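Reviewing the structure listed below.
Each reported figure results from applying straightforward, stated rules to the coordinates on display, with no laboratory input. Just so it is clear, the structure is predicted and the values come from calculations on it, not from any experiment. So basically every Cβ, Gly included, is an ideal-geometry build from the backbone, and we count neighbours across all protein chains shown.
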Amino acid sequence: MALRRDDVQAILDTYVRAWETQDPGLIVTIFTEDATYHERVLQAPIPDRDAIYRYWQEKVVAAQANIRCKILSIKIAGNTVYAEWEAFFDDLAKREKKRMREIAVLEFRGKLIASLREYWSSESLGSLDSPGNGELIGTAAAHSPGARLLSGSQA
């Protein structure tokens, strides 16, 4: 069964909603039980849905805040989806605002993700402790020439 664009859009909308609301219970609903999640493609993948839940709990819930994400493009080739998005969030561990640009390669089994590989780069938009840094997000988004897409950069 070929992937329909509506089905892919619904899955990506759920991904964005899970990220922005920091909901690991929601994110795992779009993955197969044995799904793999490569945050860093040159390292071992996160091996299954339970591990994806724990990863999101640690990485998204505990270490990020004020997340905004926008899907920029979607390409479908058979059961593979290429999605590009841009996100802004507070990196609580580094105490800074971040801008991130990503391409994700998603392999589907039916209407669920069986494999996700992320290729991304991020940049700091300033310290969370600096006064007036809320202005940085709009300024950076309006004036940035675009991020380079690299695998293995730090977010």
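If I take R0 = 30 Å and measure r between the Cβ atoms of E123 and A77 in this structure, what FRET efficiency does the formula 1/(1 + (r/R0)^6) give, to the nearest 0.05?
0.50
Taking the beta-carbon count within 10 Å as an exposure proxy, list L12, L112 from fewest neighbours to most.
The fewest-first ordering by Cβ neighbours comes to L112, L12.
Quick check on the exposure proxy: order L92, L42, L116 from fewest to most C-beta atoms within 10 angstrom.
Fewest-to-most ranking of L92, L42, L116: L42, L92, L116.
Can you give me the three principal axis dimensions of the range 5-143 from its C-alpha atoms, in Å, biggest first?
48, 29, 27
Got a sec? How would V28, V61 order by Cβ neighbour count within 10 Å, fewest to most?
The order, fewest Cβ neighbours first, is V61, V28.
Taking the Cβ of W85 as the center, what net charge do the other residues with Cβ under 12 Å away carry, scoring Lys and Arg +1 and Asp and Glu -1? Could the numbers behind the result be given before it?
Working: positive: R68, K70, R99, R101; negative: D13, E20, E84, E86, E102, E118.
It works out to a net charge of -2.
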